[in-house]
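Asks: Take this structure first; my questions come after.
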Amino acid sequence: MEATQDKNTPLPQEQVKVLILGSGPAGLAAALYTARAQLQPVVLAGQEYGGQVSLTHTIENYPGFPDAVGGPELTELFRKQAEHFGAKTVFDTAVKVDLSQRPFKVTSYATEYLTDTLIIATGATPRHLQVPGETEFTGRGVSYCGTCDGFFFKDKDIVVVGGGDSAMEEGAFLTRFANNVTVIHRRDDFRAGELLLQRAKDNPKMKFITNTVVNKIEGNGTVQTVELENLQTGEKQPFTTDGVFIFIGHTPNTQLFEGQLEMEAGYLVANRYMETSVPGVFAAGEVADPHFRQVITSAGMGAAAGIQATRFLEANE
Ligand code: NAP
């Protein structure tokens, strides 16, 4: 739940050394490292506590959990471990950021934070098709992550939506489990690079339907059909499937930093030390990573950002 404040009452101020935006693996790993450095970091959990991980039913590829771990459970473990060393998680969201002054000023719904360093781990949001049935069947046949959910589609028929690298790569990955994978793309020209596209086309389990969109997703408890529309003929027909994997891009959550930090294709630009274009501001996880997008890589980036923020504070003391 968000904390709220009367518009006319000035927000209480809080001075911190490390403020972390986002409570996914990157944010909570950064919290763990800076907490262990005695910096008492504050984590603003954001709108989606735990980030995309918390929406993932089972995680089988995070090291240390041979019997898998639930997404929400892993988030709780991350948080507990960071809080054990002195991190504070606040269920609030940053609404305004001013990086032109030092300490940096970050305004949330309930508090105005003045912080010496800022670690941005606000993640990315998978783009949605925004068709009927999509929300209803998310987690019941509709997925945005092949690596996370492919295993649950053993010997099933799957539809993949999208024509980029993710659709090809994840589609090919899904053929490890599925009977067949049908890629539905809205054009007949693919955005995916030649190599991934050719590999997908050479895969005997993959089929392609082009110039076509998914209009709605239907089922009974779980997905059973999608309605396909051919954009050239206007013809609509039901298509039987057990799953719909949507890979139509991600939107990094960077709106707050527009005009203040360097970005590329909407993602924050960070160097190998997780440093952004403003000294003292670090970025970690999917907000700065369009390529790997895994719990382990985001947590690794968060740890690196935490170490680097600690060094920054030492150097500037
Ligand atoms: P992307 O390149 O933006 O492709 C998104 C695809 O979804 C496009 O084909 C687009 O169609 C389609 N699309 C977008 N909105 C749609 C809608 N509302 N309905 C139906 N289709 C829609 O996204 P991505 O594939 O996730 O790739 C993101 C970045 O990561 C890229 O730079 C990519 O190269 C990189 N990446 C690299 C690798 C790799 O190198 N191994 C793997 C994955 C991703 P249109 O083509 O018609 O616009």
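Asks: Identify all residues within segment 226-249 that are surrounded by fewer than 15 Cβ atoms within 10 Å (Cβ to Cβ), within 14 Å of the ligand (Cβ to nearest atom) and in contact (Cβ under 8 Å) with a residue 24 or more places away in the chain; write none if there are none.
Replies: Of everything in segment 226-249, just one residue is surrounded by fewer than 15 Cβ atoms within 10 Å (Cβ to Cβ), within 14 Å of the ligand (Cβ to nearest atom) and in contact (Cβ under 8 Å) with a residue 24 or more places away in the chain, namely LEU231.
Asks: Between a residue in segment 147-161 that is surrounded by fewer than 17 Cβ atoms within 10 Å (Cβ to Cβ) and any residue that is part of a strand (DSSP E or B) and acidic (Asp, Glu), which pairs come within a Cβ distance under 6 Å, given they are 6 or more apart or on different chains?
Replies: Sorted first by the residue in segment 147-161, then by its partner, the list stays empty.
Asks: For segment 255-269, does any single residue satisfy the condition of being under 30 Å from GLU136 (Cα atoms), away from the ligand (no atom under 15 Å from the Cβ) and surrounded by 14 or more Cβ atoms within 10 Å (Cβ to Cβ)?
Replies: yes
Asks: Which ones in segment 49-75 are at pLDDT below 85, surrounded by fewer than 20 Cβ atoms within 10 Å (Cβ to Cβ) and among the polar types (S, T, N, Q)?
Replies: SER54, THR58, listed by residue number.
Asks: Still on this structure: Hey, can you tell me all the residues within segment 271-317 that are at pLDDT 95 or above, within 16 Å of the ligand (Cβ to nearest atom) and in a loop (DSSP other than H, G, I, E, B)?
Replies: Once the filter is applied, which keeps residues that are at pLDDT 95 or above, within 16 Å of the ligand (Cβ to nearest atom) and in a loop (DSSP other than H, G, I, E, B), segment 271-317 yields only ASP289.
Asks: Further question on the same structure: Scanning for something surrounded by 15 or more Cβ atoms within 10 Å (Cβ to Cβ), among the polar types (S, T, N, Q), touching a Leu at 6+ places or on another chain (Cβ under 9 Å) and part of a helix (DSSP H, G or I), does segment 84-107 turn up at least one residue?
Replies: no
Asks: Need a quick list: strands (runs of 3 or more DSSP E) entirely within segment 108-225 having at least 2 residues that are within 11 Å of the ligand (Cβ to nearest atom).
Replies: It comes to 124-126, 157-161, 180-184, 212-220.
Asks: So which pairs qualify, if the first residue must be in segment 284-309 and under 27 Å from ASP116 (Cβ atoms), the second must be charged (D, E, K, R) and surrounded by fewer than 19 Cβ atoms within 10 Å (Cβ to Cβ), the Cβ gap must be under 6 Å, and the two must be at least 6 apart or on different chains?
Replies: GLU286/ARG293
Asks: Could you tell me whether GLN130 is free of Cβ contacts under 8 Å to residues at least 40 places away in the same chain and under 24 Å from ASN271 (Cβ atoms)?
Replies: It is false that GLN130 is free of Cβ contacts under 8 Å to residues at least 40 places away in the same chain and under 24 Å from ASN271 (Cβ atoms).
The values are calculated or read from the model by the stated rules, or taken from the named source; none is laboratory data. All figures in this text were calculated on a predicted structure; none of them were measured in a lab. Here the Cβ is made from the backbone with ideal geometry for all residues, glycine too, and neighbour counts use every protein chain on show.
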